[in-house]
Amino acid sequence: MFQGKTDSFLQERKESVHPEVEVLAIGACSGSVGELWQGPAWSGSADEVALVTLHGPNQSIAYASNAPDATGDLERVVEDHLRLQAEQLFYELTATPSKGIGLRYMSDIPRGKGMASSTADIVAVIRCLAKLHGMPPSDELIREILRRIERSDPIFHNYHSVYFSGLQREYRRFATRIGFYAYWSFGKQGTDTKRFDRNLLLDAYSQHRQDYQISLTNLIDAMDTGNASAVAAESTVSARLAQSYLPSATVENLLENYQSLGALGVLRGHTGTVAGLLFSERPRPELAVSIKKIFSLNSMEPYEGNVGLC
């Protein structure tokens, strides 16, 4: 979906940092723009955190090369330990001998905003290593590695599903593909998404259990029939319910104004600051001015583009 962007992003980095680099393998994964829905679903023995991710345009990339020194190219920051952990687990679970080739990373996914940046980092590493060793990067392997590292969105799927983020398995898979044109923004301060653990979320969900049940039923019906407007309506319900444990002035503002702006609904990060509006198509220029003003009320820079599986 984003191969053209991957190629241009990689070429730009090679020319600016290591023009002599020979790329041996590359793996990429898109981030999300929050979730279309998040709430409780029955796993067979208990309620678990479930979600429907909203694929976004930003990417994390990992690539293997022959460059002898990667220090100028590596993002030696806190998220690197997750990438390294993913690499170690790949070799442990596949019993593949390491070729001793280092990986380099780059990403334009905003950190700590609820846009699946760390999950995309992990998946990009797995895909790169799989390609380097000539094996298919199976979803089963990706899920097993993620299960050992963190709760995550299923952004590595090329289909929609209601997904148990901690159990790393599907609750319901859909054959339909839903896409939107969206405007979104995020707070300047990051959110520690790790503090929203399973127990905290399930406790918050229990306060509105019936509302979530009704919404999930409606969402599944909408996804089964490919009804984007109905999916956006349940995204809005989910965004509103999340205000109980992660209140956001931006989300509240969007909930109050989305209909007057011609939007189908509201999106948000349910453990982050990203929030936005969903449209069936790109708004006309005069309406776009009003949409951008809504975000400026909270001193946020709006972004726009196609999201989901268009």
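So how many residues does the stretch 115-145 have that are open to solvent by 40 Å² or more (accessible area, probe 1.4 Å), of a type outside the set (Gly, Ala, Ser) and over 18 Å from Tyr159 (Cβ atoms)?
Within the stretch 115-145, residues that are open to solvent by 40 Å² or more (accessible area, probe 1.4 Å), of a type outside the set (Gly, Ala, Ser) and over 18 Å from Tyr159 (Cβ atoms) number 3.
So for the stretch 158-169 (the condition being open to solvent by less than 10 Å² (accessible area, probe 1.4 Å), farther than 16 Å from His270 by Cα and in contact (Cβ under 8 Å) with a residue 40 or more places away in the chain), does at least one residue qualify?
In the first step, residues of the stretch 158-169 are kept if they are open to solvent by less than 10 Å² (accessible area, probe 1.4 Å); the result is 160-165, 168.
So of that shortlist, the ones also farther than 16 Å from His270 by Cα come out as 160-161, 168.
Narrowing further to those that are in contact (Cβ under 8 Å) with a residue 40 or more places away in the chain: 160-161.
Yes: one or more hits.
Where the second residue is among the basic types (Lys, Arg) and the first is on the phi < 0 side of the Ramachandran plot and lies in the stretch 113-129, which pairs have Cβ atoms under 7 Å and are six or more apart or on separate chains?
That search, which allows pairs on different chains as well, returns Ser117/Arg111; Asp121/Arg83; Ile122/Arg83; Val125/Arg83.
Just wondering, is there one or more residues in the stretch 187-201 that are out of contact with any strand residue (DSSP E or B) (no Cβ under 9 Å at 6 or more places or on another chain) and at pLDDT 95 or above?
There is no residue in the stretch 187-201 that is out of contact with any strand residue (DSSP E or B) (no Cβ under 9 Å at 6 or more places or on another chain) and at pLDDT 95 or above.
Are any of the residues in the stretch 47-59 β-branched (Val, Ile, Thr), farther than 27 Å from Ala233 by Cα, at pLDDT 55 or above and open to solvent by less than 10 Å² (accessible area, probe 1.4 Å)?
Keep residues of the stretch 47-59 that are β-branched (Val, Ile, Thr), which gives 49, 52-53.
Remaining after also requiring farther than 27 Å from Ala233 by Cα: none.
No, because not a single residue in the stretch 47-59 is β-branched (Val, Ile, Thr), farther than 27 Å from Ala233 by Cα, at pLDDT 55 or above and open to solvent by less than 10 Å² (accessible area, probe 1.4 Å).
If Leu246 meets every condition in (1) at pLDDT 95 or above; (2) touching a His at 6+ places or on another chain (Cβ under 9 Å) apart from one, which number is that one?
Leu246 satisfies every listed condition except (1).
Restrict the check to the stretch 174-193 and report whether at least one residue is open to solvent by 20 Å² or more (accessible area, probe 1.4 Å), touching a residue at least 40 places away in the same chain (Cβ under 8 Å) and in a helix (DSSP H, G or I).
Yes, the stretch 174-193 has at least one match.
In the stretch 83-114, what residues are in contact with a strand residue (DSSP E or B) (Cβ under 8 Å, 6 or more places away or on another chain) and either surrounded by 21 or more Cβ atoms within 10 Å (Cβ to Cβ) or closer than 28 Å to Phe186 by Cα (or both)?
Correct list: Arg83, Leu103, Arg104, Tyr105, Met106, Ser107, Asp108, Ile109, Pro110, Gly114.
Regarding the stretch 32-42, can at least one residue be identified that is modelled with pLDDT under 95 and either open to solvent by 70 Å² or more (accessible area, probe 1.4 Å) or farther than 30 Å from Arg209 by Cα (or both)? Break it down stepwise before answering.
So the first thing to find is which residues in the stretch 32-42 are modelled with pLDDT under 95, and the list is none.
No: zero hits.
Would you be able to tell me the number of residues in the stretch 125-159 that are assigned to a loop (DSSP other than H, G, I, E, B), basic (Lys, Arg) and at pLDDT 95 or above?
First pass over the stretch 125-159, keeping only residues assigned to a loop (DSSP other than H, G, I, E, B): 133-138, 150-159.
Then drop every residue that is not basic (Lys, Arg), which leaves 151.
If we keep only those that are at pLDDT 95 or above too, we end up with none.
Number satisfying all stated conditions: 0.
Can you work out which of the residues in the stretch 266-282 that are modelled with pLDDT under 95 and among the hydroxyl-bearing types (Ser, Thr, Tyr) is farthest from Ser185 (Cα to Cα)?
Among them, the one singled out is Thr271.
The values are calculated or read from the model by the stated rules, or taken from the named source; none is laboratory data. These figures come from a predicted structure and were not determined experimentally. A quick note on method: Cβ atoms are made from the backbone with ideal geometry, for glycine too, and the neighbour counts reach across all protein chains shown. Keep in mind that these areas ignore ligands, DNA and RNA; they rest on the heavy atoms of the full protein, side chains included. Shrake-Rupley method; radii C 1.70, N 1.55, O 1.52, S 1.80 Å.
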